[in-house]
Amino acid sequence: MSKTTLFPIDEVIDPLKVRTESQKPCWHDLGRSEHLVQFYEHDSCLINSVSSFFASGFEDAEAGVIIATRAHREGLITHLSSLGFDIPELEKSGQLTMLDAAETLSQFMVDGSPDPFLFDRLVGSLIAALAGRGRPIRAFGEMVALLCAEGNSSGAILLEELWNDLGKKHTFVLYCAYPIRGFTGEEDSQPFGHICKSHSRVIPAESYSLDGTTKDERLRTIAHLQQKAATLEAQIAIRKRCQDDLARREADLRDFLENATEGIHQVAADGKINWANRAELELLGYQPEEYIGRNIVEFHADAEVIADILARLKRGEKLIDYEARLKHKDGSIRYVSINSSGRWHEDKFLYTRCFTRDITERKRASELLERTVADRTSELRETVAELEAFSYSISHDMRSPLRAMQAYAASLMEDYRNRPLDEEGFDRLARIQRAATRMDLLIRDVLTYSRVGKQTMELASIPLERLVRDIVDQQFNQPNFQNRILIGKLHSVIGHEACLTQSIANLIDNGLKFIAPGQLPSLKIESELIGDKVRVTVSDNGIGIHPDHRDRIFKIFGRVYSEREYPGTGIGLAIVQKAVSRMGGQIGFESTLGCGSTFWFVLPDGGKI
């Protein structure tokens with residue numbers, strides 16, 4: 001802390017001689033070259049003092065230069081006129097020159113600093129011209145006071161030095177003035193000292209005038225001022241310690257908030273973000289200038305959510321673990337949990353205090369768990385449905401051939417116990433064999449369906465054209481099928497070769513089997529690219545599917561026609577649907593009763609890997 005500068009009593013307290021008869025400064029006794037500074041508390045005191053300064057000069061036929069504000073110029077004109085001076089006549093004769101302080105200052109200031117060359121060309125030329133007329137010169141200027149009022153104390157000090165340099169070239173008395181209220185801060189101590197040192201005499205503010213006092217009274221006053229200065233210095237030291245302590249506390253709090261691991265931000269009543277800490281910015285990937293100052297609404301993924309948040313806070317509510325979705329700079333979404341409250345002054349809402357916790361991973365884990373539970377539930381429902389179908393099959397489809405075998409076997413044992421088999425007996429054995437064959441087929445298809453649902457799927461790129469030709473050559477090479485299966489353009493797909501083989505074989509078998517009596521089958525297999533997918537179609541000219549049966553054909557044992565008309569287990573299409581689903585595809589069909597059907601399934605394009 002800088003100590004208060006103390007000036008010698010002959011420079012600070014008693015700069016002017018005193019007329020004992022009037023107890024007022026004697027402005028007639030000034031030297032021909034002086035640089036005075038007056039600190040004042042009230043404009044009226046300044047006007048009286050400056051008027052007396054120029055009145056003494058005009059009485060001694062000296063020239064005057066007044067560079068002041070408009071208000072002070074008008075006050076000086078009024079006061080000097082009341083003393084009997086004809087101001088217009090003084091200006092006309094060239095004995096008085098009056099200039100506006102701000103306008104004059106603007107003509108030589110460059111980038112906040114007085115330019116020596118421009119100052120000399122303007123002010124120096126004016127003083128030189130007046131000096132050339134042979135009159136002593138008195139000047140009053142408060143351009144320095146304007147610079148201090150703007151906070152440009154360094155510019156004021158430099159201007160004082162330019163006046164001093166001008167005083168070395170020309171003889172004149174310069175009277176400067178500053179309002180004392182401009183030097184009340186601790187930071188003003190050093191500029192105040194520089195200003196005092198720039199002047200030959202310093203006149204204190206009117207509250208501390210010692211005009212007309214005795215030497216003992218002056219010493220008492222000086223001692224009193226010294227005591228006040230010491231008290232003030234001690235108070236300043238205490239305040240400085242308090243300020244330092246407060247600064248440390250503020251720095252600790254700022255560090256705590258700025259480097260907290262949880263996002264913190266403050267939002268004004270109009271929705272603009274006032275401040276955000278590092279964790280908040282890192283959470284969303286923004287730089288401070290990209291986030292602070294913007295409206296918080298821009299960063300919420302759900303407009304209705306942020307509208308609800310702001311409305312609640314402005315009603316005085318507190319938010320605890322309020323979930324929301326925020327937009328990351330990279331376009332992704334961050335799930336957050338918000339704890340927030342409003343800052344109020346009386347009845348006015350000022351800003352929010354918001355803590356933002358990233359719960360993205362927890363939310364995704366929860367969603368994954370929910371999806372897993374949903375998938376498991378779906379699989380469980382599917383398994384239950386399959387079990388119900390198996391139960392029905394065991395009680396109906398499988399028991400039917402078993403009952404037939406039991407009946408015919410019992411009749412053989414009863415009727416042919418004591419006699420050899422005849423033609424009727426062999427017919428009963430044939431019926432037993434057919435029933436056993438049907439039961440074996442049912443069991444094999446059920447096992448196939450179960451295997452498709454449980455086997456590990458290692459997917460790979462499979463060329464369909466090769467696979468389909470192998471299936472046709474190996475499984476459908478009967479003479480009555482020759483030239484009945486047309487193979488069109490086929491692409492590669494991502495799938496499981498065994499499941500694809502089973503699926504395509506089942507679709508071909510269905511297309512060749514479900515033909516109207518007396519009609520020859522015709523079937524076409526082809527595929528097309530749809531984006532990054534391949535759509536495979538198997539079209540036939542069969543009997544078609546009635547709309548009432550659309551929901552049954554992909555269900556296990558979902559037979560549409562009787563076994564007498566079209567033999568089969570009713571499991572083939574269920575196997576296809578299960579296999580395509582396990583490979584990550586979709587399946588469907590289009591059919592018109594009596595006009596054939598087109599079954600299709602879609603799998604990822606295998607030509608891109």
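Computed quantities for the displayed model
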{"item": "Any hit, region 328-339, residues being of a type in the set (S, T, N, Q), within 18 Å of residue 268 (Cβ to Cβ) and surrounded by 16 or more Cβ atoms within 10 Å (Cβ to Cβ)", "result": "no"}
{"item": "Pairs, first over 18 Å from residue 274 (Cα atoms) in region 288-314, second of a type outside the set (Gly, Ala, Ser) and not in a helix (DSSP H, G or I), C-beta under 8 Å, six or more apart", "result": "301/325; 301/326; 301/327; 301/333; 302/325; 305/325; 312/319"}
{"item": "Test result for residue 140, under 29 Å from residue 96 (Cβ atoms), modelled with pLDDT of 95 or more and assigned to a strand (DSSP E or B)", "result": "yes"}
{"item": "Residues of region 116-135 satisfying the condition of being without any contact (Cβ under 8 Å) to a residue 24 or more places away in the chain and either buried (at least 19 other Cβ atoms within 10 Å of the Cβ) or of a type in the set (A, V, I, L, M) (or both)", "result": "118, 122, 129"}
{"item": "Test: residue in region 270-280 that is more than 19 Å from residue 361 (Cβ to Cβ) and of a type in the set (S, T, N, Q)", "result": "yes"}
{"item": "Residue match in region 360-369 (condition: assigned to a helix (DSSP H, G or I), closer than 19 Å to residue 264 by Cβ and at pLDDT below 90)", "result": "yes"}
{"item": "Residue 509, sole failed condition from (1) over 59 Å from the mean Cα position of the chain (by Cα); (2) at pLDDT 75 or above; (3) within 16 Å of residue 593 (Cα to Cα)", "result": "(3)"}
{"item": "Elements of type helices (runs of 4 or more DSSP H) contained in region 53-122, each with 1 or more residues being within 60 Å of the chain's Cα centre (by Cα)", "result": "70-82, 101-106, 116-119"}
{"item": "Given (1) among the basic types (Lys, Arg); (2) surrounded by fewer than 17 Cβ atoms within 10 Å (Cβ to Cβ); (3) within 25 Å of residue 29 (Cα to Cα), number of the condition residue 138 does not satisfy", "result": "(2)"}
{"item": "Output for region 521-553, where each listed residue is among the charged types (D, E, K, R), out of contact with any helix residue (DSSP H, G or I) (no Cβ under 6 Å at 6 or more places or on another chain) and in a strand (DSSP E or B)", "result": "524, 526, 528, 533, 535"}
{"item": "Per-region count, region 57-74, residues among the small types (Gly, Ala, Ser), within 18 Å of residue 93 (Cβ to Cβ) and touching a helix residue (DSSP H, G or I) at 6+ places or on another chain (Cβ under 7 Å)", "result": "2"}
{"item": "Tally, over region 554-604, of residues that are at pLDDT below 80 and in a strand (DSSP E or B)", "result": "0"}
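The values are calculated or read from the model by the stated rules, or taken from the named source; none is laboratory data. Source: prediction; values computed, not measured. Because the Cβ atoms are built from the backbone with ideal geometry, glycine has one as well, and the counts that use them run over all protein chains shown.
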